[in-house]
Each structure stands twice: as structure tokens, then as C-alpha cells.
1. How much length, in nm to one decimal, is gained on full extension between ASP205 and PHE100, taken as 0.36 nm per residue of separation minus their Cα-Cα distance?
2. Provide the solvent-accessible area of GLU229, counting protein heavy atoms only and rolling a 1.4 Å probe, rounded to the nearest 10 Å².
3. Looking at the square roots a ≥ b ≥ c of the eigenvalues of the Cα gyration tensor of region 140-206, which shape do they give, rounded for a/c under 1.5, prolate if a/b is larger than b/c, or oblate?
4. Multiply the residue gap between THR131 and ASN27 by 0.36 nm, knock off their C-alpha separation, and tell me the result in nm, one decimal place.
5. Ranking request for peptides 148-160, 169-181: highest mean number of other beta-carbon atoms within 10 Å first, then the rest in descending order.
6. Setting aside same-chain residues fewer than 8 positions from LYS84, which lysines have a Cα under 27 Å from its Cα?
7. Measure off 7 Å from each Cα along the Cα-to-Cβ vector at TYR14 and VAL89, then give the distance between these two points in nanometres to one decimal.
8. Round to the nearest 10 and give me the degree value, 0 to 90, for the angle of helix 28-37's Cα axis relative to the longest principal axis of the chain.
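The values are calculated or read from the model by the stated rules, or taken from the named source; none is laboratory data. Please read these numbers as outputs of a predicted model, since none were measured by experiment. As a convention, Cβ positions derive from the backbone with ideal geometry for all residues, glycine included, and neighbour counts pool all protein chains shown. What goes into the accessible areas is simple: the full protein's heavy atoms, side chains included, and nothing from ligands, DNA or RNA. Shrake-Rupley method; radii C 1.70, N 1.55, O 1.52, S 1.80 Å.
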Amino acid sequence: MAVRNTSTRLPRNYLGLLDTPVLHLRNPYLIAWWSVAFPGFGHLLLGKYFHGLVLVMWEFFINQYSKVNAGMVYSFMGDIEAAKEVINVKLLLLYMPVYFFGIWDSYRTAVDLNDEFKLSERENSPIRKYTIESIGINYLDKRSPVLALLWSLGVPSLGQIYQHRLLQGFFTLSWTIVVVYYSHFMEAFVYLIQGDIRRSTNVLDMQWLLFLPSFYFYTVYDAYINTVEMNKLFDKEQSTFLTKNFQDPDFKMLKGKVVE
């Protein structure tokens, strides 16, 4: 009878030189909510980076040319006529199907990956501790979730880089620079500090600025949650190693009984 190779069938994590994907339980509704906030974010949280990056770039492109954000701003201000004039209806009809697909697909994938995680737990699949190559090294260790959160609060993407998730980190940093530059956020911030509120408001480009809140808080959430899950995986790997190599095979944990 052939022996199953759980290391290839049900991997728990992957330590690459550019990223550190980890399989863990996720709330499908929360994943879908992040896809509502910004298409692609749900997939990035699941580790489906190619899907996520494509959807994020699609959102930037189609939203910018259909002027959805600008239309939302005018709607919030109660100027419905201005919202109708600014929105490109032809592109808006392309925007909606992809938007709802991203929500549905991220929810479906989260449910599937939760099943895969439960199988890997039952099979006690091995966990990769480190990888080393001629151009770099990556290793699994404990990191501080609070530090990851604080770095992301400072500059979006630094929390991901702290976790050695370089692919997502540099992608996030690149788009953060683009959004901050075209929204004139830093200029408005300087004018606000100087007390020139009118000039601070006038200089802002609301079409670009509306990308920033979702992008900013996503990176904070992602950095914190993934650090917590990577720490759990580190503890699991250490526990498995010590049990396998140092624990007496006849040792049994007696729960609810007094051991003399």
C-alpha cells in the first residue's frame, strides 16, 4: 500500500524569497466584506495574489475612468445631478459585474480553503521552518502583531515587509505612492496644519482620495491578522518538533485526572 505524501498534498505554508503564504481558518463573510470595500482585497487576504492584484488594478483603472468615486462624493453632498453628469455609464456597466464577481469568488474560495485547512490539521501536515538560497533567506519565527500594526499605520506596506511578504508589500507601497500623489493628500495635509482649511479642501482630488481609506485600513488589518496566524504556525511547528524528537512515545496526557 502506497504511503500518502501529505507534504505535497496538504501543505500548511510556503516560505518563498518573496512571500510567506499561510493556510489558516478565515471568516468567509469578513473576506467578502473586504471585497466589497475594494475588489481584490479578499483574494489578497486568502493568498491568491495573482487574482487579487489583477482585481485591484482593474478597480483602479475602471473606477478612474468611470468616475465612480467622484459620483459617490457628489451623491453624499446631495448633488445628484452632478453625480449623473460625472459618471461614465458605459464603463459603469462593465464595472458592476466584475465587482460582484470578486465578492462571490472571494467568499467561495474562503469556504474551500477552510476545508483544506481542516484536512491539513487532521493529517498533521509538515510545516516549513525556513528556506535558504543563494539570493536570500526566509524563515518562520515569532513577530509582534502590535509592531506589524504600528508599522502599517505609519506607512501602508511596512507591516507586510516586516512579515517578509515582499510581493504584497511592494505592490501596496507602489499604489500607496500613486494614490497619495494624485489625490494631493500630502499637500492638503500641510495646508491643514498651517490652518488654511479652504485651500486644503480645494487642492484635494476626491476621485483619488476615496481610494485611500480602504487601502490604508486594509494594510493595517492584513498586517495584524497575518502576524497572529504566522505566530500560531510557529508555535505549532515547535510543538510538533519537540513532541516528535523529545517526548517519550509512551507518554499520555491525562485530562481531568490527578497524577501522582
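1. My answer for the length gained is 35.2 nm.
2. Its accessible surface works out to 30 Å², give or take rounding.
3. oblate
4. Details: separation 104, 0.36 × 104 = 37.44 nm, distance 2.96 nm.
Using 0.36 nm per residue and subtracting the Cα-Cα distance, I get 34.5 nm.
5. On the way: 148-160: 21.2, 169-181: 17.5.
Answer by packing, highest mean first, reads 148-160, 169-181.
6. Once the sequence-local lysines are set aside, what remains near LYS84 is LYS67.
7. With each label point 7 Å from Cα toward Cβ, the separation is 4.5 nm.
8. Helix 28-37 sits at roughly 20 degrees to that axis.
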